[in-house]
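**Q** Mind having a look at this structure? Questions to follow.
The values are calculated or read from the model by the stated rules, or taken from the named source; none is laboratory data. All figures in this text were calculated on a predicted structure; none of them were measured in a lab. Glycine gets a Cβ as well: all are built from the backbone with ideal geometry, and neighbour counts include every protein chain shown.
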Amino acid sequence: MTTWVPACQTDDIDSEDIVPFEHDGGQYAIYRSDDDEFFATDGYCTHERERLCDGLVMGKTIECPKHNGRFDYSTGQAQGAPAIEDLRTYPVRVDDSGTVHIGIG
Amino acid sequence: MGSERLARYDLTGPEGQKAVEEGLSGVSWFRSAIPRKRMKELMRRSDEHATKNTALWLGSMALSGAIGAFTWTNGMLWAAVPALAAYGVLYGSASDSRWHETGHGTFFATRWKNDVVYQIASFLQMRDPTIWRWGHTRHHTDTLIVGRDPEIVAMRPARLARIIANLVGLIDVPTALKDMVMRATGRLSAEEKTFVPESERTKVARTARIWLGIYGATAVACVATESVVPALLIGLPRAYGACMLYVYSLTQHAGLGENVLDHRLNTRTVHMNRLNRFLYCNMNYHVEHHMFPMIPSHRLAELHEEVKKDCAEPYPSLWAAYKEIIPAVLKQLTDQTHYVRRELPEGAAPYHEPVAV
């Protein structure tokens with residue numbers, strides 16, 4: 001069953017950027033695309049568990065800051081070595097107050 | 001990746017396992033604190049800069065190669081030698097930094113452009129693009145961690161004869177060709193299997209076969225034309241043009257700390273002139289590059305300004321760097337515990353030292 005957890009406010013994330021979110025021991029990453037859609041993935045690169053929140057967001061791509069592994073954060077798809085294992089994604093919804101919720105579980 | 005290593009540095013040996021057990025592998029390294037807004041500016045990629053740079057590099061190669069081939073064929077050695085010397089450095093040395101930057105995916109903003117130049121540069125360097133991508137990834141994870149890093153050139157003690165011989169590719173080139181033949185049969189070395197995932201290995205055989213085909217065609221062209229010119233243009237420049245590759249790359253880590261977790265202890269930044277920085281793609285800012293590998297090379301000078309408060313003074317020149325490197329490496333021939341440990345400026349974040357596990 002999905003639990004909706006408030007993660008941040010929309011204003012907390014710049015356009016085409018990422019912020020970290022920690023909940024109950026888990027690390028997540030929340031994204032705001034350049035067309036103001038919100039997405040969420042696991043917070044660590046699947047290659048060597050580097051925090052993605054320090055990485056570069058380009059369009060719908062997140063690039064890991066350690067080895068430049070890339071993922072499509074909207075689908076989690078790994079886009080080439082050294083990222084070869086997909087990222088787990090989570091559903092996101094934004095309520096009327098501008099709070100971004102991530103669906104966990 | 002071809003080079004024989006001293007036993008300690010063998011990636012399948014006990015030192016690598018010891019490094020993992022001691023908490024030296026795959027852990028966090030020191031990074032200077034830079035505001036996220038500034039980092040985003042610095043990380044931004046540019047097709048414009050990379051396109052101009054690549055056009056200049058390949059254009060210079062084409063021109064010097066054409067002049068070299070024409071003058072050699074027409075017996076004008078006085079012109080052929082300098083032309084081919086320039087061609088050789090552009091082919092055999094400058095391709096290393098292009099291999100490096102496009103391998104990181106940071107040279108161009110457009111991914112496929114990085115991939116194309118990466119394949120070209122890998123061919124020129126005789127480095128299998130799959131194996132070396134994964135090997136370089138390991139180098140960034142475990143920089144100069146003994147038994148884990150496949151790219152340690154100056155070991156302790158350094159194999160000086162090999163290093164000197166490789167200034168003209170005398171070891172690297174035959175080894176690369178031997179490895180190419182092995183890989184064309186689908187085999188990887190035991191060391192390579194430690195860092196190349198199984199799912200990635202099928203590409204290696206295909207690449208090796210294509211490359212052997214190109215070198216084979218080059219040899220046939222030499223026979224058909226009764227001239228060494230085809231080989232002077234394809235393959236041999238990796239040997240006769242390799243000197244600057246080693247002159248630059250030895251400044252990166254030689255003589256510095258092993259098994260440390262701070263790039264300020266095992267990496268150098270060296271100021272260089274514009275020509276060297278063009279040939280080397282600004283990789284003279286090597287501390288900066290290791291600290292923040294996602295910053296494209298043309299922004300490294302700016303990054304240097306952001307982190308210099310935490311770093312030892314850069315070396316003012318290649319000459320200054322080698323005045324340190326040569327005595328350090330020579331001392332390591334008899335004292336393998338010796339390394340150069342630099343003083344940090346006042347106010348710098350202290351060195352991040354390994355914690356005994």
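**Q** From the residues in the stretch A:48-60 that are outside any strand (DSSP E or B) and not small (Gly, Ala, Ser), which one is nearest to the other protein chains (Cβ to nearest Cβ)? Let's see the steps before the verdict.
**A** Start the filter on the stretch A:48-60 by keeping residues that are outside any strand (DSSP E or B), which leaves A:48-50, A:52-55, A:59-60.
If we keep only those that are not small (Gly, Ala, Ser) as well, we get A:48-50, A:52-54, A:60.
Details: A:GLU48: 6, A:ARG49: 8, A:GLU50: 9, A:LEU52: 11, A:CYS53: 9, A:ASP54: 8, A:LYS60: 13 Å.
In this case the residue turns out to be A:GLU48.
**Q** Here's something else I'd like to know. Among the candidates B:GLU305, B:GLU288, single out the residue that is over 13 Å from B:VAL340 (Cβ atoms), free of Cβ contacts under 8 Å to residues at least 60 places away in the same chain and crowded, with 24+ Cβ neighbours inside 10 Å.
**A** Numbers: B:GLU305 fails: crowded, with 24+ Cβ neighbours inside 10 Å.
Checking each option against the conditions leaves just B:GLU288.
**Q** Can you name the condition, by its number, that A:GLY80 falls short on among (1) over 24 Å from B:ASN114 (Cβ atoms); (2) in contact with a Lys or Arg (Cβ under 8 Å, 6 or more places away or on another chain)?
**A** (1)
**Q** Specify the residue that is nearest to A:THR89 (Cα to Cα); the eligible residues are those in the stretch A:1-23 that are part of a loop (DSSP other than H, G, I, E, B) and touching a residue at least 60 places away in the same chain (Cβ under 8 Å).
**A** Taking the candidates together, the pick is A:THR2.
**Q** Would you be able to tell me the number of residues in the stretch B:196-227 that are within 14 Å of another protein chain (Cβ to nearest Cβ) and part of a helix (DSSP H, G or I)? First the steps, then the outcome.
**A** Initial filter on the stretch B:196-227 (within 14 Å of another protein chain (Cβ to nearest Cβ)): B:196-204, B:207.
Still in the list and also part of a helix (DSSP H, G or I): B:198-200, B:202-204, B:207.
Residues flagged as within 14 Å of another protein chain (Cβ to nearest Cβ) and part of a helix (DSSP H, G or I) within the stretch B:196-227 amount to 7.
Each row is one residue, and each column tells you yes or no for (1) facing another protein chain (nearest Cβ under 9 Å); (2) outside any strand (DSSP E or B); (3) hydroxyl-bearing (Ser, Thr, Tyr).
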{"residue": "A:PHE39", "(1), (2), (3)": "no, no, no"}
{"residue": "A:THR46", "(1), (2), (3)": "no, yes, yes"}
{"residue": "A:ILE62", "(1), (2), (3)": "no, no, no"}
{"residue": "A:PRO65", "(1), (2), (3)": "yes, yes, no"}
{"residue": "A:SER74", "(1), (2), (3)": "no, yes, yes"}
{"residue": "A:GLU85", "(1), (2), (3)": "no, yes, no"}
{"residue": "A:SER97", "(1), (2), (3)": "no, yes, yes"}
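**Q** Can you list the helices (runs of 4 or more DSSP H) found entirely within the stretch B:87-141 that contain at least 2 residues being at the interface with chain A (Cβ under 10 Å from one of its Cβ atoms) and touching a residue at least 40 places away in the same chain (Cβ under 8 Å)? Explain how you work it out, then say what you get.
**A** Details: elements: B:94-104, B:111-125, B:129-141.
Of the helices (runs of 4 or more DSSP H) lying wholly inside the stretch B:87-141, those with at least 2 residues that are at the interface with chain A (Cβ under 10 Å from one of its Cβ atoms) and touching a residue at least 40 places away in the same chain (Cβ under 8 Å) span B:129-141.
Listed here are the residues, each with its yes/no results for (1) in a loop (DSSP other than H, G, I, E, B); (2) surrounded by fewer than 18 Cβ atoms within 10 Å (Cβ to Cβ); (3) modelled with pLDDT under 95.
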{"position": "B:THR12", "(1), (2), (3)": "yes, yes, yes"}
{"position": "B:LEU24", "(1), (2), (3)": "yes, no, yes"}
{"position": "B:SER28", "(1), (2), (3)": "yes, yes, yes"}
{"position": "B:ARG45", "(1), (2), (3)": "yes, no, yes"}
{"position": "B:ALA50", "(1), (2), (3)": "no, no, no"}
{"position": "B:ASN53", "(1), (2), (3)": "no, no, no"}
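**Q** Can we say B:ARG8 is assigned to a loop (DSSP other than H, G, I, E, B), over 21 Å from the mean Cα position of the chain (by Cα), among the basic types (Lys, Arg) and under 28 Å from B:LEU144 (Cα atoms)? Explain how you work it out, then say what you get.
**A** Values: assigned to a loop (DSSP other than H, G, I, E, B): no; over 21 Å from the mean Cα position of the chain (by Cα): yes; among the basic types (Lys, Arg): yes; under 28 Å from B:LEU144 (Cα atoms): yes.
So B:ARG8 does not fit the description; no.
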